[in-house]
Amino acid sequence: MRGWTRAQRRRRALEFAVSIDDKGGMRLDDAFLAVSDANRRHLLEELRRGPKTVGELAAGLPISRPAVSQHLKVLLDAGLVTARPEGTRRVYAVDPQGFLGLNIWLDQFWDGD
């Protein structure tokens, strides 16, 4: 990304905006929709500090565990978090690769040329 011209960054951002991943899922607009909710942003901020279970994440929010699970599903579908089984629980973590499209799209608004 560094060293790219503004036009190259814009073109790459547009490719992300209309692209669909190999699973037929996440598009850039889905990622923006996922981060538009305050509860999901809070979950991402908590996960940025390290992997956590639904119970650990629910402790910091005024919503139920099922609601936290639904928010995590949106973040999973958008490719912004991962989940791995650990016994009977699932441990969630931020997926940095999922933020690449957002980063590239937002980068076009900074003057670095």
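The values are calculated or read from the model by the stated rules, or taken from the named source; none is laboratory data. Everything numeric in this text was worked out from a predicted model, so none of it was measured. Note that each Cβ is placed from the backbone with ideal geometry, even for glycine, and that neighbours are counted across all protein chains shown.
A few comments on the model shown:
- Which numbered condition D95 misses (of (1) touching a helix residue (DSSP H, G or I) at 6+ places or on another chain (Cβ under 8 Å); (2) surrounded by 15 or more Cβ atoms within 10 Å (Cβ to Cβ); (3) within 15 Å of R41 (Cα to Cα)): (1)
- W110 meets each of the listed conditions (1) closer than 30 Å to T5 by Cβ; (2) at pLDDT 90 or above apart from (2).
- Screening segment 48-92 for residues that are farther than 19 Å from D37 by Cβ and among the small types (G, A, S) and picking the one that is modelled with the highest pLDDT gives G50.
- Answer from G98, G79, G87 - the residue that is within 9 Å of the chain's Cα centre (by Cα) and either in contact (Cβ under 8 Å) with a residue 60 or more places away in the chain or more than 13 Å from D30 (Cβ to Cβ) (or both): G98
- Inter-residue pairs, beta-carbon under 6 Å, first within 20 Å of G79 (Cβ to Cβ) and free of Cβ contacts under 8 Å to residues at least 40 places away in the same chain and in segment 37-61, second surrounded by 15 or more Cβ atoms within 10 Å (Cβ to Cβ) and among the aromatic types (F, W, Y), 6+ apart: none
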